[in-house]
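The values are calculated or read from the model by the stated rules, or taken from the named source; none is laboratory data. Owing to the predicted nature of the structure, the values given are computational and were not obtained by experimental measurement. We place every Cβ from the backbone using ideal geometry, glycine too, and count neighbours over all the protein chains shown. SASA here: full protein model, heavy atoms, side chains in, ligands and nucleic acids out. Shrake-Rupley method; radii C 1.70, N 1.55, O 1.52, S 1.80 Å.
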Amino acid sequence: MTNSKIISFFCNMWQIVISWYNNSFSSKLLKRVYGAVSNSWSNSVFVRKFYTTNEEGLKKSFIYKLFYLPFAFLSLFASKFFVNIFAKLKATLAYKIVYCFVNNLLAASTRFIGVFLFCALSVYTIAVRSFLNPLYICALVFTLLLCIWDFSLLRALSHSIIHKLLKLFLSIEPTYDYYDETQLYKKGRLYIAAAFGIVLGFICAYISPVIALGIAGALVVMFNVELGVAITVFAIPFLPTMLCAGLAILCFFALFIRKCARGDKQWKLDYVGFALILFIVIVGICSFTSVARENSLTIYFLYIALMSFYFTIVNTVKTKEQLYTLLRIFTISALFVAAYGIIQYIFGLDMDKQVWIDEEMFTDIKMRAFSTLENPNVLGEYLLLTIPVAVAFMWSEKKFLTKLMYAAISAVLLLCLVLTMSRGCWIGVLVVAAVFITFVDARYWALGILALFLLPSVLPASILNRFLSIGDLGDSSSSYRLYIWLGTLSMLKDYWFVGIGPGSQAYNLVYPRYAYPTVIAPHSHNVYLQQMVETGVVGIGALIFVLIAFFRNMSKKIHIFGKKSADAVMCVAICAGVAGFLVQGVFDYVFYNYRVFMMFWMFLAFGASFIETSEHKKEANND
């Protein structure tokens, strides 16, 4: 049987199953019940109040203008005076040299890159005296081979099989307008390549290869903010925390410079962004009053760097195409993370790092997947955000092959989540599924319930036993968390207003005085308790305000889009991901890993970007 006949067979079978279900009694009954409940909910007083909160009135208030001050200050640099300075800067020789270097890098011009890498490697090889190292010799030969040809790899990619496969299977049609093509024919460009290669080669040899790579990357991001944002979205799960923070700052700074150069004074500060600034201000106050002030302030400035990526995304994404491209990049990055996690589990990679298993209670579990995120619970928290996005793409795609590919990606992500053995994340993904089904098509509740009944018969005993152990205090992990929560609640009696300050150092200074014997912990294993103990009731109140603002704006957008649209499905998916993440927050301090902390705010920015890029924006403002 040919591939086309196999695909046609599965398409027909799928249509038969869906048609049978849509015409079944249970589907019609669920549709009637869902319609009645949905109408009652839509017409309720709570929903009307929730949707009609006067956001425009908020923007005219004094406190909004106060919180907008940082952006107002940044807007001052977009004046005519600074625009003229940037115009003169563009006329300088130094700017033209850097501009040529960046655009040839972006175009992946083979001869230019060959000369650049040859010079950099030659300087580095001489400096470290590795003339006979086979690896360096092979690298130098490769760079010389690149110099033979002179064409743009990026342009060639636009006609390649890779481009066609991305379009066919993932509905991704990459754009290749990142560079100025005239710079590929600029006279003297190879001298520029050689000069940059020599300079960066010296930096590699005498300072750090990371610094040299960072300089080249920073120049690229400064000239193309959108590309910098895309790279950051993809790279967060793979990079150390400080590199993620550096990328976030770099993207924000590049956006600021571009606005100054164009005279653009408009900075978007939406309802969620306003709530987020309130949260940042309160965390700052609590950092100054911290019992470990120096450490808390260091963490606070790291928070600011990571959360700045929210404002960068909201102010960079202008179109739906850009937003969906970032969401697809986010999904593909998650696929690599999940695939590595599955391989890690199958082949027992890094088993020496396994410290998260109660070996007495779960003798049949020898491995938990943690992939690039160093901890299975952290990996599970990351996957809770990514799974609903992949499912939303699968749900909304019209082409069968693309739908099948996103279904496969969703399956890989879900399998990896199962292999984390994170019970809190398993509960979280059930919440994700419940929210998604309820607000996309509640008729599928029947299939969902049926799947829940069938799961015990197909799940391995090790996974089933671990799931059934939820709430069992005989498990050391569960009892450990319970005693930590009780100790943390005792702390709140004395630090309920502004807390002890952010960070493990502050927690470890105070917690031992309230802890149960032998129950030592770096945090409270509950994001809500931890937020209260760090920043008091004012801090947890500010965080709840951020979440209410987010869900309020997203629900309003879903209402405007209509449940059948792809945009509404993706908005529901983002809300479902956040809901599942927050449920996991009951069982773990989900902000403890700074990369996940950054991804959470990035995820909120994806949702907020639907507000700004919506073709219904004018209708939404008048609602």
Looking at the stretch 111-119, can you tell me whether even one residue there is within 36 Å of the chain's Cα centre (by Cα), loosely packed, with under 12 Cβ neighbours inside 10 Å, within 19 Å of Tyr179 (Cα to Cα) and among the charged types (D, E, K, R)?
no
Show the residue pairs that are 6+ apart or on different chains and have beta-carbon atoms under 7 Å apart, the first residue being within the stretch 418-436 and over 14 Å from Asp588 (Cα atoms), the second being open to solvent by 30 Å² or more (accessible area, probe 1.4 Å).
Leu419/Tyr345; Val431/Val583; Phe436/Val391
Between a residue in the stretch 507-525 that is within 15 Å of Ser290 (Cβ to Cβ) and aromatic (Phe, Trp, Tyr) and any residue that is open to solvent by 20 Å² or more (accessible area, probe 1.4 Å) and part of a loop (DSSP other than H, G, I, E, B), which pairs come within a Cβ distance under 7 Å, given they are 6 or more apart or on different chains?
Tyr507/Pro522
Residues of the stretch 379-397 being open to solvent by 20 Å² or more (accessible area, probe 1.4 Å) and in a helix (DSSP H, G or I), in sequence order, are Val391, Met394, Trp395, Ser396
Among what's in the stretch 331-364 and is over 18 Å from the mean Cα position of the chain (by Cα) and open to solvent by less than 10 Å² (accessible area, probe 1.4 Å), pick the residue that is modelled with the lowest pLDDT.
Phe362
Could you tell me how many of the residues in the stretch 492-540 are open to solvent by 20 Å² or more (accessible area, probe 1.4 Å) and touching a Cys at 6+ places or on another chain (Cβ under 7 Å)?
1
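Looking only at helices (runs of 4 or more DSSP H) that lie completely in the stretch 472-567, which have at least 2 residues being at pLDDT below 85 and touching a helix residue (DSSP H, G or I) at 6+ places or on another chain (Cβ under 8 Å)?
Working: elements: 476-492, 504-510, 527-561.
In the stretch 472-567, 527-561 are the helices (runs of 4 or more DSSP H) which contain 2 or more residues that are at pLDDT below 85 and touching a helix residue (DSSP H, G or I) at 6+ places or on another chain (Cβ under 8 Å).
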Residue within the stretch 146-167 that is touching a His at 6+ places or on another chain (Cβ under 9 Å) and closer than 30 Å to Ile409 by Cβ present:
yes
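How many of the residues in the stretch 161-218 are of a type in the set (S, T, N, Q) and open to solvent by 40 Å² or more (accessible area, probe 1.4 Å)? If you could, list the steps in order and put the result at the bottom.
The first filter runs over the stretch 161-218 and keeps only residues of a type in the set (S, T, N, Q), leaving 171, 175, 182-183, 208.
Those left that are additionally open to solvent by 40 Å² or more (accessible area, probe 1.4 Å): 175, 182.
So the answer is 2.
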Could you look through the stretch 280-295, keep only residues that are among the hydrophobic types (A, V, I, L, M, F, W, C) and surrounded by 21 or more Cβ atoms within 10 Å (Cβ to Cβ), and pick out the one that is farthest from the chain's Cα centre (by Cα)?
Ala292
Quick one: which residue in Val229, Val221, Val233, Val199 is over 28 Å from Thr372 (Cα atoms) and assigned to a helix (DSSP H, G or I)?
Val199
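Against the condition under 22 Å from Leu384 (Cα atoms) and polar (S, T, N, Q), how does Asn553 come out, does it pass? Walk me through how you get there before you give the answer.
Numbers: under 22 Å from Leu384 (Cα atoms): yes; polar (S, T, N, Q): yes.
Taking the combined requirement at face value, the residue satisfies it.
Output the residue which, of all residues in the stretch 230-253 that are aliphatic (A, V, I, L, M) and more than 17 Å from Phe597 (Cα to Cα), is most open to solvent (accessible area, probe 1.4 Å).
Our first condition is that a residue be aliphatic (A, V, I, L, M); within the stretch 230-253, this holds for 230-231, 233, 235-236, 239, 242-243, 245, 247-250.
After this cut, where a residue has to be more than 17 Å from Phe597 (Cα to Cα) as well, the list is 230-231, 250.
Working: Ala230: 19, Ile231: 81, Leu250: 34 Å².
The qualifying residue most open to solvent (accessible area, probe 1.4 Å) is Ile231.
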